[in-house]
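In what follows, a single structure is set out as structure tokens and then discussed.
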2 protein chains.
Amino acid sequence: MAFKDKIIMKPIGYVRTTAVGDEVKDRTRTSEIVIGSEFTEALDGVAGFSHLFVLFWLNKISSSQRKIMKVHPRGRKDMPLLGVFATRSNLRPNPIGLTLVELVKTEGNVLTVRGLDAFDGTPVLDMKPFDLWDIGKKARMPDWWLKLQKEKEDERSATA
Amino acid sequence: MAFKDKIIMKPIGYVRTTAVGDEVKDRTRTSEIVIGSEFTEALDGVAGFSHLFVLFWLNKISSSQRKIMKVHPRGRKDMPLLGVFATRSNLRPNPIGLTLVELVKTEGNVLTVRGLDAFDGTPVLDMKPFDLWDIGKKARMPDWWLKLQKEKEDERSATA
């Protein structure tokens, strides 16, 4: 079927960060997005937004990892075994990362952002302004998700 | 540089809709996402969420359109000329669509969703549960954006 045709992308830039390992998950850290100089013009007006969606390519995920269909969220065995599309796992057929970041600064073709959970050198595919229209105001999540969310909030207030 | 390597993806499924032209922008319409049968297992648990991010490939965008760096939002000349990364325009180097949809129903490998602004046959790249953690609570947008948002809200209340 035509929809199965290969899709080819080229990165628009890459992530620059000194964070290693789990440090990239620290949402208070800043990192840089270095955009290819041919795209500098396409950044005009980005500074008007405080938040951006960053789409990036999880280039550490192997082709065999792209075939994994089920995971425990965050690898936790006390969580149910779920289809990857029900999770934000990095293991997915097309490992695209999607993170909402805070835009701290724009200088030429370099954006400083806060909260980007991507490793140094990660290829960036696209950036989009955060769209309030998109937000599901009455979103419903499963119990396992709410449990993880609560744990995360508790951690945050413990370290605040 | 290594980050400029080509990235190759294969669709996980496609959009099925009877909407044509501007009808796809009607957020009250439902459409279907038909997932490749090899990925059915990866849908387990998706039904626990009311909202999903859908990432799709805007396959009507030509290679010359992917080179456009600046646009007027929604093609409106009364709006400023902006870099594509400051807009949600379909014209971008990697034309990936990102829409938050309401999940209405899941049956086998077919998801019925509300609010997916994609044409019939559009390849789907990924789906992710809506993540409240991501939401920028104090997001700031530029004036042109707020103007468009207000117009949209006015339209909605006029048709409600």
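Please state which one of B:LYS25, B:LYS10, B:LYS70, B:LYS6 is open to solvent by 50 Å² or more (accessible area, probe 1.4 Å), closer than 23 Å to A:LYS128 by Cα and in contact with a Pro (Cβ under 8 Å, 6 or more places away or on another chain).
B:LYS10
Return yes or no: is B:ARG92 under 18 Å from the mean Cα position of the chain (by Cα) and at the interface with chain A (Cβ under 8 Å from one of its Cβ atoms)?
Yes: the conditions hold for B:ARG92.
If you go through region B:48-58, how many residues are modelled with pLDDT under 95 and either within 21 Å of A:PHE53 (Cα to Cα) or more than 8 Å from chain A (Cβ to nearest Cβ) (or both)?
Residues that pass the stated criteria total 5.
Which of the strands (runs of 3 or more DSSP E) found entirely inside region B:48-136 contain at least 1 residues meeting this: out of contact with any strand residue (DSSP E or B) (no Cβ under 8 Å at 6 or more places or on another chain)?
B:96-107
Counting only residues that are among the hydrophobic types (A, V, I, L, M, F, W, C), in a helix (DSSP H, G or I) and either farther than 16 Å from A:LEU100 by Cα or without any contact (Cβ under 8 Å) to a residue 12 or more places away in the chain (or both), how many does region A:10-47 have?
So the answer is 3.
Just checking, does region B:20-34 include any residue being at pLDDT 95 or above and either touching a His at 6+ places or on another chain (Cβ under 9 Å) or facing chain A (nearest Cβ under 8 Å) (or both)?
No: zero hits.
The values are calculated or read from the model by the stated rules, or taken from the named source; none is laboratory data. What you see is a predicted model; the values in this text were computed from it and never measured. Methodologically, a virtual Cβ is constructed for each residue, glycine included, from the backbone with ideal geometry; neighbour enumeration extends over all protein chains shown. Side chains included, ligands, DNA and RNA excluded: accessible areas come from the protein's heavy atoms. Shrake-Rupley method; radii C 1.70, N 1.55, O 1.52, S 1.80 Å.
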